[in-house]
Amino acid sequence: KLDKLREYKLALIVASAGYGKTSLVSEWIAQSRLKVAWFSIDVGDNDPVRFWDYVIAAIQTAYPDIGEQTLTLLHEPQPLPIETILSTLINEFSVLPDLLTVVLDDYHVIESSDIHEGLAFLVEHMPSQIRLIMTTRLDPPLPLARMRVRSQLLELRSADLRFSPPQIATFFSDVMGLTLTTDDV
C-alpha cells in the first residue's frame, strides 16, 4: 500500500503499540530510495515553535536550504499567524526538484490544537513535491473525512499490519526454526 504513496498527500498508519508502524515505514523507506525527512515526536514537542523547528530541521537533512525563511518568521518577536509562516514553507517546497517524504513518527503524543491546525493547513496546501507519512496510535484531529473524499488519504490500520496465517507459519518455520502444525500456528 505504501508503494501507492505518490497518489496521496498523506499516508496515515494507525495501530496500537507494538504493531510495527515505525519498523514498516523504516523498511519501506530503505527499499524505496526516496528522499526522506524523519521526525520522531516526543511529548516535549507540543510547543508549536519547537514542533515546526524540528520539522524544518528534519527537512533540512534532505534539503539544507529549505526552511530558512520559515525559521526566520517562526522566531519573530511578535508571533505571526501559523498560516503565514506555513505559506512561506509551502512556497519553499515548491522549488524542490524531487519528491520529499516527510515522516512524523508517533504523532499521537501531540495534543496542541495549534499544531493540529497548522498541520491540517499544510496538508491542504502541500505542493506535489511533498508527501507526508504519519504513524500514530490514534486518529489525529485532522479533516480525515474530507481527505478521504478527495482521495488524498492512504490509510493503513491494525488489520493491514497483522500477519496472515501463512505469514505466521513462514515466520515460525523460517525465522524461528519451529515445525508447527496448522492448528499450532
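Here is how the numbers come out for the structure above:
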read-out: Top of 98, 106, 139 by mean-square fluctuation, Gaussian network on the chain, Cα under 10 Å; value: 98
read-out: Length-normalised contact order of the stretch 70-185 in % [C-alpha pairs under 8 Å, at least 6 apart]; value: 22 percent
read-out: Cα convex hull of the stretch 56-100 - mean projected area over all directions, nm²; value: 3.1 nm²
read-out: For residue 36, net neighbour charge (Lys/Arg +1, Asp/Glu -1) across residues whose Cβ lies under 13 Å away; value: 0
read-out: Heavy-atom SASA rank of 19, 63 (probe 1.4 Å, accessible area, largest first); value: 19, 63
read-out: Förster radius 35 Å - calculated FRET efficiency between residue 164 and residue 124, Cβ distance, rounded to 0.05; value: 0.45
read-out: Theoretical gain in end-to-end length, residue 155 to residue 46 [0.36 nm per residue, Cα-Cα removed]; value: 36.8 nm
read-out: Ranked order, 52, 38 - accessible area, probe 1.4 Å, largest first; value: 38, 52
read-out: Residue 125 accessible area, 1.4 Å probe, all protein chains in place, Å² to nearest 10; value: 90 Å²
read-out: Solvent-accessible ranking of 117, 92, largest area first, probe 1.4 Å; value: 117, 92
read-out: With every protein chain in place, the stretch 100-169: carbon and sulfur % of accessible area (1.4 Å); value: 53 percent
read-out: For the chain: accessible area per residue (Å², 1.4 Å); value: 54 Å²
read-out: Cα-based radius of gyration of the chain once divided by 2.2 N^0.38 Å, which approximates compact folds; value: 1.16
read-out: Length-normalised contact order for the stretch 1-94 - Cα pairs under 8 Å, 6+ apart - percent; value: 18 percent
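The values are calculated or read from the model by the stated rules, or taken from the named source; none is laboratory data. These numbers were taken from a predicted model, which means no experiment stands behind them. Note that we place each Cβ from the backbone using ideal geometry, even for glycine, and neighbour counts take in every protein chain shown. Quick note on the areas: whole protein, heavy atoms, side chains included, nothing else; ligands and nucleic acids left out. Shrake-Rupley method; radii C 1.70, N 1.55, O 1.52, S 1.80 Å.
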